[in-house]
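Notes to accompany the following structure.
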Amino acid sequence: MPTALRPILAIETSCDDTSVALVRADGFVVGLFSANQDLKHAPYGGIVPEIASRSHTDVLMPLIDVALTQTQMSFRDLCAIAVTAEPGLLGSLLVGVVTAKSLALGWNLPLVSVNHIEGHLLAPLLRDATSAPPEGFQFPYLALAVSGGHTSLFVVHELGHYEEIGTTRDDAAGEAFDKFAKMVGLGYPGGALIDRTAVGGNPSAFPFPKALRDEENLDFSFSGLKSSAHRLITDLGEAKVQSSLSDLCASYQATIVETLLEKLAWAQKKTKLRRVAITGGVSANSELRKKSEAWAKSCGVSLVIPKLSYCTDNAAMIGYAGYLRFLRGERATLDLAPSPRSTARSGIVRGHV
Ligand code: KG4
Ligand code: ZN
């Protein structure tokens, strides 16, 4: 098989999704196979790190088997193995990294280390049989990475150069959704449940505070919103909360969506970038999708929100980042160690606009 057509095998286990993908040099996803652990963590109302790593251990090797069988590939068809080595839950990362190292050694394949956030930032460039980025969508672009673990604005200059121009000072937006869902008894994970419950609700019924509303400041803060929601829910009482659930969810959701879009619009004005992406699990939010598409149309920017399976944690985005790094000659050695935080090798730098 010509090298460009040989896929890379990618492994992602940084949090609570076990994911394996085969990706080609042009970002074409040959196959993506993911197993989420939501049901295992749901009784605890949040991710239990020990359960996450144990579940990766049970699921990862069988998932790699499924990925190769379903795509009719053998390890001999692969060009390399890419693995998420940072940032994330250390025990979870360790399962992926140890597995990737063992396979690279056993199959005599090169190993490439990828940063998880870098993966989210490159997800807008993924393609498959039914989806592709718009013509001409390439580096540099502005990206809002918004999930349960991160909420940041980046200028994605090129592979290995990601300038973070704003980030959350406390909770991530997904975390704010999940905590509110827990407060009103909707369950875990909360983002999608709030999205569904908000349908038909009045987004102006309950005024929630928005933080850091200064055009010069591209940082986010969601802790004040969370505290004010907690006070409101206590004051309303259980019966009123349940009878107003749709209005509460619509109001809370609108506050987060408006905050994210306000900052994104300011960042676009400052950077003047005409290509914009929204990525990460929260980009599944129907209100965020609708409002951001309307905003992009009104100011004539090219907006990409990757399809859902590429927005939430997945190995396809790791495969593409890994392939580009592989083509650049990067190789990880067998002493590759996972890191809970991003390291300098990711190319993520703090910047200002
Ligand atoms: O990217 P992701 O799968 O994992 C992390 O890296 O965190 O994102 C998960 C987050 C969770 O907080 C979840 O509640 C949120 O994405 N989420 C949503 C929706 N679907 C998932 N938030 C708002 N609306 C949704 N429809
Ligand atoms: Zn993520």
Using the C-alpha gyration tensor of the chain, what are the square roots of 5 times its eigenvalues, in whole angstrom, with the largest one first? 35, 23, 17
Hey, could you grab the Kirkwood Rh for region 42-103? Inverse mean 1/r over distinct alpha carbon pairs, Å, one decimal. 13.1
Cross-link candidates for K240: which lysines have Cα within less than 21 Å, leaving aside residues fewer than 8 places away along the same chain? K179, K182, K226
Rank A211, S227, V241 by how far each Cα sits towards the positive end of the charge dipole of region 200-247 (+1 on Lys, Arg Cβ; -1 on Asp, Glu Cβ) and give me just the farthest. V241
Whole-Hz ³J(HN,Hα) for each residue in region 324-330, computed from phi via Karplus 6.51 cos²θ - 1.76 cosθ + 1.60 with θ = phi - 60°, x for glycine and proline: what do you get? 5, 5, 4, 5, 7, x, 6
Give the dimensionless ratio obtained when the Cα radius of gyration of region 99-165 is divided by 2.2 N^0.38 Å. 1.38
Kirkwood hydrodynamic radius (Cα pairs, Å) of region 176-223? 12.5
Inverse of mean 1/r across different Cα pairs in region 174-253, Kirkwood, Å: 12.9
Using the Kirkwood radius over Cα pairs of region 17-147, the Stokes-Einstein translational diffusion coefficient at 10 °C and 1.306 mPa s, in µm²/s and rounded to a whole number, is 98
With no solvent and one point on each alpha carbon, what is the Debye value of log10 I(q)/I(0) for region 1-89 at q = 0.11, 0.14, 0.23, 0.26 Å⁻¹? -0.34, -0.52, -1.09, -1.27
Percent of Cα pairs exceeding the 18 Å cut-off, where the set is region 233-353: 69
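Quick note: the coordinates plus some simple rules give every number you see, no bench work behind them. In this text the structure is predicted, and so the values were computed from the model without any measurement. Cβ sites come from the backbone with ideal geometry, for glycine too, and all protein chains shown count toward neighbours.
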